[in-house]
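The values are calculated or read from the model by the stated rules, or taken from the named source; none is laboratory data. Quick caveat: nothing in here was measured; it's all calculated off a predicted structure. Positions of Cβ are backbone-derived with ideal geometry, glycine not excepted, and every protein chain shown enters the neighbour counts.
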Amino acid sequence: MRPNRLCEKIELYHDGELGPEETLEIVGHLASCRECMETLAELKALETMLAPARGANASALCPTVMARVRALQPQSRFEPLFSGCWKAPAIALASCAVYIICVEMGFWSAGSASLAATLESRKESERVYSMIFGIRRPDNENLLVMVLQGDDK
Amino acid sequence: MTYSEQEDLKTIAVVLAGKTEAFSMLIECHQSKVLAFCVYMLRNRSEAEDAAQEIFIKAFTSLADFRRESAFSTWLYRIAFNHCCNLRKKSSKIRLESFDAMPEQDREKAMASNAKYQSGSDDGATLASEKVMASLPEGYRAVMALRLQGEDYRAIAMSLGISEDSVRAKLRRARLILRARLRHFFPDLMSKISERL
């Protein structure tokens with residue numbers, strides 16, 4: 001009967017995965033166990049048969065890969081020069097777009113509300129001014145017309 | 001020339017410093033192993049050569065991501081495994097083909113391997129081994145292919161992202177399947193190789 005503990009470690013021994021003590025144990029065991037000797041011989045035969053695939057043209061690989069690596073290089077060399085250059089105009093353009101959408105087109109409700117409040121307060125101040133002084137406060141446009149017409153007032 | 005992991009790390013540092021030509025040293029040192037792994041995984045030599053190219057290009061473009069927690073070869077095998085798995089998923093033509101289902105012409109060529117092996121030619125034996133390997137499920141084949149490249153269990157586990165116990169179990173099962181198939185189809189060849197050893 002095969003001593004299971006050692007017989008089951010033949011593969012590990014074959015693969016060099018055992019420590020020095022266990023390796024010695026297996027070597028001693030192999031001298032007396034014919035089945036394990038056969039298993040070991042079969043494992044070695046299997047490895048010989050399945051030896052790394054031959055015939056594939058590995059020598060052509062290096063020049064081909066290096067040519068592709070060199071072709072990759074110019075892009076990466078120029079990349080740092082131009083990287084980031086597009087960011088400033090892109091951000092400026094995006095800011096303009098956001099301003100137009102939000103403020104000019106009135107999509108920004110808070111902005112338009114505050115603008116309306118400002119206009120309303122200005123109208124209110126004009127009304128109070130005309131109540132006190134009896135005249136309408138001339139705005140810049142009226143003043144300009146008056147100056148152009150030579151009005152001394 | 002023995003090319004240690006330390007030398008790999010030095011070469012990587014040189015490449016990352018801008019001397020990309022040094023990458024050719026890494027290719028030369030690992031190309032045969034990567035190519036053999038791809039042949040085992042894809043079962044088609046021309047496809048394997050294309051895949052090996054892509055794997056090295058991927059390795060070059062993501063070399064800065066290599067964290068030096070494992071050997072460069074382990075990292076490379078991980079890229080290779082993922083790439084081969086993706087290729088197999090994409091390609092509807094490639095399928096798992098059992099040895100029994102291989103074309104009659106190939107089978108005859110493989111069965112003639114006994115005579116060729118005795119006369120010194122190993123074409124038949126290589127074909128036979130490749131066909132038998134191709135009959136293994138993908139996970140078992142990857143473990144077996146890496147073991148045949150001389151990788152230890154730890155490196156295989158890291159390359160494939162599985163535990164060492166899983167490597168041990170898969171390797172055991174893969175060998176059982178392979179031994180049974182080779183013994184069934186090539187009894188003379190197996191015994192001849194065993195005798196020589």
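Summary of computed values
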item	result
Failed item, numbered, when B:E164 is tested on (1) surrounded by fewer than 17 Cβ atoms within 10 Å (Cβ to Cβ); (2) at pLDDT below 70; (3) of a type in the set (D, E)	(2)
Among residues of segment A:115-135, those that are at pLDDT below 70 and either closer than 30 Å to A:E104 by Cα or in a helix (DSSP H, G or I) (or both), counted	1
Elements of type helices (runs of 4 or more DSSP H) contained in segment A:15-92, each with 1 or more residues being at pLDDT below 75 and on the phi < 0 side of the Ramachandran plot	A:61-82
